[in-house]
Amino acid sequence: KRFMDKVNQERIAKKIRIRSIRFHDPNIHLLERSQHGEENLLTLRFAPQSYQKIGVGVGLYDTGKVGFFGREGFGILLESDDLHELMVLFFELLWSKSKPATPGQG
């Protein structure tokens, strides 16, 4: 929790905006700076309910890297322009189907 809070503080200080698609799970307690809103430079949407069982997260970075991390405790970071382009396409498709959050939701 402390590590991610520090990452979010640094991101906000550098004025780095992010968009995030989350799976709504009331059992997950999120960090204060991971809530939707301009003060956190975060635009958040919630994926459709039918996708809630997916246990893998994806991070897309402006460096062309793609990170995968899962509930099973694994993580991998790959540097591939082709994979990055494909995952951006998938992200945009899911973004268009996801419900916008309201300020303070997370």
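The values are calculated or read from the model by the stated rules, or taken from the named source; none is laboratory data. As the structure is a computational prediction, the values presented were derived from the model and not from experiment. Neighbour counts are summed over all protein chains in view; Cβ atoms, including those assigned to glycine, are modelled from backbone coordinates with ideal geometry. Each accessible area value is taken on the protein alone, full model and side chains, heavy atoms only, with ligands, DNA and RNA left out. Shrake-Rupley method; radii C 1.70, N 1.55, O 1.52, S 1.80 Å.
Quick look at the numbers
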{"quantity": "Subset of the stretch 73-106 (residues that are open to solvent by 80 Å² or more (accessible area, probe 1.4 Å), charged (D, E, K, R) and under 22 Å from S50 (Cβ atoms))", "calculated": "K97, K99"}
{"quantity": "Pairs, first among the acidic types (D, E) and at pLDDT 85 or above in the stretch 57-75, second open to solvent by 20 Å² or more (accessible area, probe 1.4 Å) and not in a strand (DSSP E or B), C-beta under 8 Å, six or more apart", "calculated": "E72/G55"}
{"quantity": "Residue list for the stretch 63-72, restricted to those being open to solvent by 70 Å² or more (accessible area, probe 1.4 Å) and farther than 24 Å from Q49 by Cα", "calculated": "T63"}
